[in-house]
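Structure first, then comments.
The values are calculated or read from the model by the stated rules, or taken from the named source; none is laboratory data. Given the structure is predicted, the values throughout are model-derived calculations rather than measurements. Backbone-built Cβ (ideal geometry, glycine too); neighbour counts: all protein chains shown.
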Amino acid sequence: MNSLIRVFFLCSCLGIIGLPVDTASAQQRVATPPVSAPGVLTVFQEVEPALRRDSGVPPMLPRFLPFTDAAHPIHAVVQSATTSGYSILLANALPCEGANWCLYGTVSGSTKPTSREGKAGRAVPVLLQGGIKASFFDSECDTHCSQAYVEWQEKSYYYSIGIKGPSPMRNTLVKVANSAVRPTIRH
């Protein structure tokens with residue numbers, strides 16, 4: 001077993017993070033259920049139309065979330081949807097208001113930049129598909145693990161996707177962020 005799987009297994013057994021205990025087979029699981037719109041995961045089916053209607057920021061919703069399947073669903077909870085942005089909480093169980101035991105991650109879009117510098121460590125530059133420059137902030141683990149984040153800007157909008165889990169989360173989170181960005185031709 002590689003060290004990442006051991007860390008996930010240990011954290012899952014201790015209840016530190018809400019991921020399935022069977023991490024070996026969990027790595028093979030991805031959410032691929034029916035979609036409401038092209039590329040929209042079932043987890044976002046109910047919230048995507050409301051975001052398009054109520055938010056002034058075009059939603060960038062991931063089409064890939066790791067460690068999810070029918071037996072381990074993730075629930076999308078809209079925390080806000082306004083003309084200046086949206087915020088979605090991703091939960092392992094409901095009801096959830098962001099507590100450690102139920103938090104899987106977050107997805108947000110805004111007309112204003114956000115920065116995690118100083119709050120979640122130092123930003124590491126990463127490149128998303130289509131040449132999009134982004135910043136990665138790794139998770140921090142103590143009693144429980146915080147979210148790791150990828151943040152980027154497209155046009156005049158700022159996006160952020162976070163997933164809770166132990167370090168290193170960079171490759172996983174870049175894959176999730178890449179599934180959310182819409183490839184465009186850049187000159």
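Report whether or not THR111 is surrounded by fewer than 18 Cβ atoms within 10 Å (Cβ to Cβ), modelled with pLDDT of 90 or more, under 25 Å from GLU48 (Cβ atoms) and of a type in the set (Val, Ile, Thr). Spell out how you get there, then give the answer.
Details: surrounded by fewer than 18 Cβ atoms within 10 Å (Cβ to Cβ): yes; modelled with pLDDT of 90 or more: yes; under 25 Å from GLU48 (Cβ atoms): yes; of a type in the set (Val, Ile, Thr): yes.
Here the answer is yes, as THR111 does meet what is asked.
Identify the residue in the stretch 32-69 that is under 16 Å from the mean Cα position of the chain (by Cα) and in a helix (DSSP H, G or I) and, among all such residues, is modelled with the lowest pLDDT. It comes out as THR42.
Give the number of residues within the stretch 70-101 that are part of a strand (DSSP E or B), aliphatic (A, V, I, L, M) and over 15 Å from the mean Cα position of the chain (by Cα).
Narrowing the stretch 70-101 to residues part of a strand (DSSP E or B): 72, 75-82, 85-91.
This time we only want the ones that are aliphatic (A, V, I, L, M), so: 76-78, 81, 88-91.
If we keep only those that are over 15 Å from the mean Cα position of the chain (by Cα) too, we end up with 81.
The total comes to 1.
Of the set (1) in contact with a Cys (Cβ under 6 Å, 6 or more places away or on another chain); (2) crowded, with 19+ Cβ neighbours inside 10 Å; (3) in contact (Cβ under 8 Å) with a residue 40 or more places away in the chain, all apply to ALA93 but (2).
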